[in-house]
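Right, one structure below, let's go through it.
The values are calculated or read from the model by the stated rules, or taken from the named source; none is laboratory data. These numbers come from a predicted model, not from an experiment. Using ideal geometry, Cβ is built from the backbone for each residue, glycine included, and neighbour counts are taken over all protein chains shown. The accessibility values were calculated without ligands, DNA or RNA, using every heavy atom of the protein model including side chains. Shrake-Rupley method; radii C 1.70, N 1.55, O 1.52, S 1.80 Å.
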Amino acid sequence: MLLIHCPYCGEARPELEFRHAGEAHVARPVGADVGDEDFEAFLFLRANPKGIVFERWRHIHGCGRFFNAARDTVSDRFLVTYKAGDKAPADIEGGRV
Amino acid sequence: MAEAFRIRGAGRIEGARGVRFSFDGQSYRGIEGDTLASALLANGVHLVGRSFKYHRPRGIVSAGAEEPNALVGIRRDRSRQTPNVRATVQEVYDGLVAISQNRWPSLAFDVGAVNDLASPFFSAGFYYKTFMWPKAAWERFYEPFIRRAAGLGVAPDRADADCYSNRFAHCDVLVVGGGAAGLAAALAASDAGASVILADEQAETGGALRGEKTALVDGKSAWEWAKEATETLAQRANVRILTRTTAFGYYAQNMVALSERRTDHLAEPPTDMPRERLWQVRAARVVLATGAIERPMVFPGNDRPGVMLASAARCYLNHYGVAVGRRVGVYTAEDSAWQAAFDLKGAGIDVSAIVDSRPSPPEDFVERATALGIECLTGHAVTGTSGRLRISSLKARRIGGTAIRDIACDALLTSSGWTPSVHLFSQSRGKLVFDADSQRFLPGEGPQDCISAGACAGALSLAEAVEQGFRAGAAASGKRRRKPVPMVTEGASWSEGTLGPAEDAGTGAFAKAFVDFQNDVTAKDIAQAVREGMRSIEHVKRFTTTGMATDQGKTSNMHGLAIAAGILRKPIPEVGLTTFRAPYTPVTFGALAGHARGALFEPVRRTPIHDWAKMQGAVFEDVGQWKRARYFPQDGEDMHGAVARECRTVRESAGVFDASTLGKIEVTGPDAAAFLEMIYTNPWSKLAVGRCRYGVMLREDGFIFDDGVVGRLAEDRFHVTTTTGGAPRVLHHMEDYLQTEFPQMRVYLTSTTEQWAVIAVQGPKSRDIIAPLVEGVDLSDATMPHMSVREGKVCGVPARIFRMSFTGERGFEINVPADFGRAVWEEIFAEAQKTGACAYGTEAMHVLRAEKGYIIVGQDTDGTVTPHDVGLAWAIGKNKTDFVGMRGLMRSDLAAGGRKQLVGLKTIDPRTVLEEGAQIVADPNEPVPMTMIGHVTSAYWSENCGRSIALALLKDGASRIGERLFVPMPDGAVNVEVCRPVFFDEEGGRLHG
């Protein structure tokens, strides 16, 4: 079970309190005139890399807030968590932003 | 029966209370502190089981958790029976009942042993080859046969009567293993003030020191030092010692799972004591002091009862005071087995010979053995054994020579070296590094805050193990070490050994040199697997099943790997190492389930009206976690009769229905309407206060996600309802968009599902029923038309009254605070009875809504259905520029023809009710597989229509109205006619009163 630091509560809590919510920084295209390729990218295409992923979590059995995290899928280590709306930190080792 | 093999003056449990136990119906004596294995050996019993495949007689191999052979069933009573218990781990208690497994009719005479003679047919991978043809034989013969043959023990046939518990714990340092290294680590860490948990799988700490007799630590016997160290630790407030506790899983961020056995050693466990306790420990640092496991030699006949590990014999002698035989032979390729021979000889046991495959073992050993009168055959191999149910002699041959000597013995101790127990380290995702010199996998770099110490980290002597442990404990505490390292003198040591087959392991048609005892895998099987093309050890493992038994190959994996590598002429690391997976040793389902059984498995949700419905004799159904009244049978009615009556009564008079389980979300704030515009397909901004609307919610992909009626109570306040099962996911979905896509909106979402009891009153008389109870609301059609909402009082209680309908009749849904739900319900019901109305359940609700063609999301939709598919295109706001799912709906596949659309089906024979889920075809005579063009989603007997009705999703359904189609069933196709999905009051006049 992972320990996850909730950036809103300011402390690390057990994974039981959280729910994973998919890849982070996938921008929702607005309106009806979005092209097929852009919409396909939004709806279907995910990075799923081996290594550092940026993903969304929700502290569902805590404060209820959605936030973002950078996690290494190889070691399962969380490198950083940050609030929804904040930019992905650029200085993460091996990361891409 | 006397304990003929108990040696006076040997061992540490002498003088403890005697106990009686039985094995296969025979009564024996033992001593408290014995394991079942030591007590059986004390009585001269080696034969304890039959092997899995060949049913060969098998004896006790080890003295610990790695035991592959000595698996027995332990029976307390019919609901407390445990199969596959390792006799080397099970402690004896007075009255213990153990039985052997995998034999018939008896352990000594087992019919299944014929498999041994037929062994050439059971070679590696035989079931991949043997059971291929004829195809028809599979169901009739092969599968029943394999099922009967599979498994060793017998599973109990009753529910487990014991209880299990679980605990979470946090500590600075978790020390796994209470042997010399672990104790030293715990001492050092706790000395520095760290909070420490020390877990050990044995009944008491000490680990491998159980078998030790000569070593001294800090001037004391090593065992005494261990006991004193344990005493010191037990008195420290910052230390918790858990014995009989196996660390079986190492998970992310230093989460280690422990299974503590609390009652398996007790004759009469207290009834309130959990049998096992699952610990989930989060440690800042972990010290792994898990020791090493001795490997047997791989030679023909190495599985005969009486052949066992040298360290086990030493442990049985020095700890339990039990001699494993009267005339013992030794076959080894490393140093520590020699000490076993010396100890046995010192206890007065005859040692017939020490056979060492090394041409020149340490000279002082040979000298000492010779001085003790033990014959040393160095550079020799044991090439066979004899004896039926117990070894009677070994056959020794000089390596390279031909002359074979037959040496009598009743036990043979073997050792080919020690395999560090790196299981947990590997589970922690640590990298294992192969040390070619010592032929061992050792802990390398690890991603977690974890230190390995002692024999598991490659220590080759007790002194080294204690020092490593002490330093690891001090380092893990994060403080400077203050005290000196315990000093080991006269220390035990062990050497590197040998891997793979010994002499003659691979020759002779019937010679069997076992690698994996529990799964009956021989050296030849592994060689055959490689010959047949298996190149990776992962393939060899699965083809031969080596290492796949309940012991997970603790004594066998390295041999198997070395054999494969030898044949492939590759270095061991290139052939690979199979993955170490949790659990380290088997864990009961009880421990994992803990309290989450029966009524505590999942919360049960009951409405405020539940008890009333129960009193009325309602039959309930589970809807998610909710209990809902399904129907209210009267005067011996069956379900069909009750549902028919309820449906008829609602349309003739009225019915009262408990809709409290509906999901409810209060959406408030200045941007509430704008937010709902994004979440639903419908427009909301122009919805007047006091009106409500049926809303459809999509996912981004354009498919229906949920639906429900939303009422506007004020400009900035909406009462949202969701499906019963959908409430949590709808709130999650709304929160997601509110927090991450539209964070600028000033909207607040509150779950109010359980705050409101909801009483639906539906039917022509519904207004007459509630009118006398309502204050402050004009219920007339003119001022409160269909789809409106008012706040007022019902029975003096604040209420939200919706005029809405899920039946097609004039209807009201009255929301009152949950605590008043029962009282208001009873008053409404009393009024209802005056008009001849009744209470109705979910089944009638389903039928009534289907008569009107109202869909249920999740029943008539399945996550691939758009609003257009089910006739809800009208619910999409035409002038909206964005909502969740709007762009998704424009995907070409969703707009194209050929989609399944909601239709009604009428069976040509009106009495036939279709089956939900049944497929629809155009030509019932088409050969299988037929072209399926749709499926039935809802089907009922409709009392009000006097016929069966069904809803279906049918390809191009809207353009097939009037067509005759077929629903194939096992006893013939049912003829149906496609119709519009409304069966009753198609014009909808009844809705409006």
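Here are the numbers for this structure:
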{"item": "Net charge dipole size for the protein assembly as shown [Lys, Arg +1 and Asp, Glu -1 on Cβ; Debye, nearest 20]", "result": "1520 debye"}
{"item": "Rg [Å, one decimal], Dmax [Å, integer] - the range B:854-992, C-alpha atoms", "result": "16.2, 52"}
{"item": "Mean residue ellipticity (222 nm) of the protein assembly as shown, computed from DSSP H runs ≥ 4 via -39,500 (n - 2.57), nearest 500", "result": "-5500 deg cm²/dmol"}
{"item": "Anisotropy class of the range B:630-849 from Cα gyration tensor, a/c 1.5 cut", "result": "prolate"}
{"item": "Residue among B:586, B:42, B:273 farthest towards the positive dipole end of the protein assembly as shown, charges placed on Cβ", "result": "B:42"}
{"item": "Tensor-based shape of the range B:299-415 (alpha-carbon gyration tensor, a/c under 1.5 rounded, otherwise prolate or oblate)", "result": "oblate"}
{"item": "Percent antiparallel among DSSP beta bridges (both partners in the protein assembly as shown, rounded to 5)", "result": "75 percent"}
{"item": "Computed over chain A: relative contact order in percent, which uses C-alpha pairs under 8 Å that are six or more apart", "result": "25 percent"}
{"item": "Rh (Kirkwood; distinct C-alpha pairs) - the range B:680-732, Å", "result": "11.7 Å"}
{"item": "For residues of B:885-892, the mean tally of beta carbons on other chains within 10 Å", "result": "4"}
{"item": "Three principal axis lengths of the range B:499-598 [C-alpha, angstrom, descending]", "result": "55, 30, 22"}
{"item": "Accessible area in square angstrom per residue, the range A:3-83, 1.4 angstrom probe", "result": "53 Å²"}
{"item": "Equivalent ellipsoid, the range B:544-614 (semi-axes from 5 times Cα gyration tensor eigenvalues, Å)", "result": "52, 12, 8"}
{"item": "Per-peptide average of other Cβ atoms within 10 Å, ordering B:60-69, B:194-203, B:79-88, A:72-81 highest first", "result": "B:60-69, B:194-203, B:79-88, A:72-81"}
{"item": "Within chain B, percent of DSSP bridges classed antiparallel, to nearest 5", "result": "75 percent"}
{"item": "By average C-beta atoms within 10 angstrom, highest first, the peptides A:31-41, B:874-884, B:98-108", "result": "B:98-108, B:874-884, A:31-41"}
{"item": "Cα gyration tensor shape of the range B:181-240, rounded if a/c is under 1.5, else prolate or oblate by comparing a/b with b/c", "result": "prolate"}
{"item": "Average beta-carbon neighbours from other chains, 10 Å sphere, peptide B:732-744", "result": "4"}
{"item": "Amide H contacts of residue B:35 (H built 1.01 Å from N, under 5 Å, at least 5 apart or other chain)", "result": "B:92"}
{"item": "Where chain B is the region considered: accessible area per residue in Å², 1.4 Å probe", "result": "40 Å²"}
{"item": "Charge dipole (the range B:1-155, unit charges on Cβ, about Cα centre) - positive-most of B:108, B:9, B:87", "result": "B:108"}
{"item": "Principal axes of chain A: Cα extent on each, largest first, Å", "result": "42, 29, 21"}
{"item": "Compactness of the range B:392-456, expressed as Rg and Dmax over alpha-carbon positions, Å", "result": "19.3, 56"}
{"item": "Interface residues, the range A:29-47 - accessible area loss of 20 Å² or more versus chain alone, probe 1.4 Å", "result": "A:31, A:32, A:36, A:39, A:42, A:43, A:44"}
{"item": "Values of log10 I(q)/I(0), in the order q = 0.08 Å⁻¹, for chain B under a Debye, Cα-only, solvent-free model", "result": "-0.90"}
{"item": "Isolated Cys residues of chain A, judged by Cβ distance under 4.7 Å to other cysteines", "result": "A:63"}
{"item": "Local electrostatic count, residue B:576, Cβ distance below 11 Å [Lys/Arg +1, Asp/Glu -1]", "result": "+1"}
{"item": "Carbon + sulfur, % of accessible area of the protein assembly as shown - ligands and nucleic acids excluded, 1.4 Å", "result": "52 percent"}
{"item": "Note, ³J(HN,Hα) from phi for the range B:745-754, Karplus 6.51, -1.76, 1.60, rounded to Hz, x at Gly and Pro", "result": "6, 8, 9, 10, 10, 9, 6, 10, 3, 8"}
{"item": "Sparse-neighbour loop sites [trypsin sites (Lys or Arg not before Pro); the range B:225-333; at most 15 other C-beta within 10 Å; DSSP]", "result": "B:326"}
{"item": "Under-5 Å amide H pairs with residue B:757, H placed in peptide plane, nonlocal only", "result": "B:816, B:818"}
{"item": "Proximal charge balance of residue B:716 [Cβ under 10 Å; K/R count +1, D/E count -1]", "result": "+1"}
{"item": "For the range B:146-205, alpha-carbon Rg over 2.2 N^0.38 Å", "result": "1.84"}
{"item": "Overall Cα dimensions of the range B:362-402 - principal axes, largest extent first, Å", "result": "36, 25, 13"}
{"item": "Other protein chain Cβ atoms within 10 Å, averaged over every residue that makes up B:241-254", "result": "2"}
{"item": "Alpha carbon convex hull of the range B:423-483, projected area averaged over orientations, nm²", "result": "4.6 nm²"}
{"item": "Over the range B:743-894: Kirkwood hydrodynamic radius from C-alpha pairwise inverse distances, Å", "result": "18.0 Å"}
{"item": "Against the rule of thumb 2.2 N^0.38 Å, how large the Cα Rg of the range B:614-753 comes out", "result": "1.28"}
{"item": "Calculated SAXS-style log₁₀ I(q)/I(0) at q = 0.10, 0.12, 0.13 Å⁻¹ - the range B:1-155, Debye, Cα scatterers", "result": "-0.44, -0.59, -0.67"}
{"item": "Percent RCO, i.e. relative contact order, over the range B:1-155, from Cα pairs under 8 Å lying at least 6 residues apart", "result": "22 percent"}
{"item": "Compactness relative to 2.2 N^0.38 Å, alpha carbon Rg of the range B:717-804", "result": "1.35"}
{"item": "Share of Cα-Cα pairs in the protein assembly as shown lying beyond 58 Å, as whole percent", "result": "33 percent"}
{"item": "Value of relative contact order over the range B:941-993, rounded to a whole percent, pairs C-alpha under 8 Å and six or more apart", "result": "28 percent"}
{"item": "Per-selection Kirkwood Rh - the range B:590-630 (Cα, Å, 1 d.p.)", "result": "11.5 Å"}
{"item": "Among B:910, B:198, B:815 the positive-end extreme of the charge dipole of chain B (Cβ point charges)", "result": "B:198"}
{"item": "Exposure rank, largest accessible area first [B:906, B:614, B:53; 1.4 Å]", "result": "B:614, B:906, B:53"}
{"item": "Debye intensity ratio in log₁₀ form over the Cα atoms of the range B:936-993, taken at each q of 0.17 Å⁻¹", "result": "-0.67"}
{"item": "Karplus 3J(HN,Hα) series, Hz, for the range B:280-287 with 6.51 cos²θ - 1.76 cosθ + 1.60 (x for Gly, Pro)", "result": "10, 9, 9, 10, 5, 9, 10, 10"}
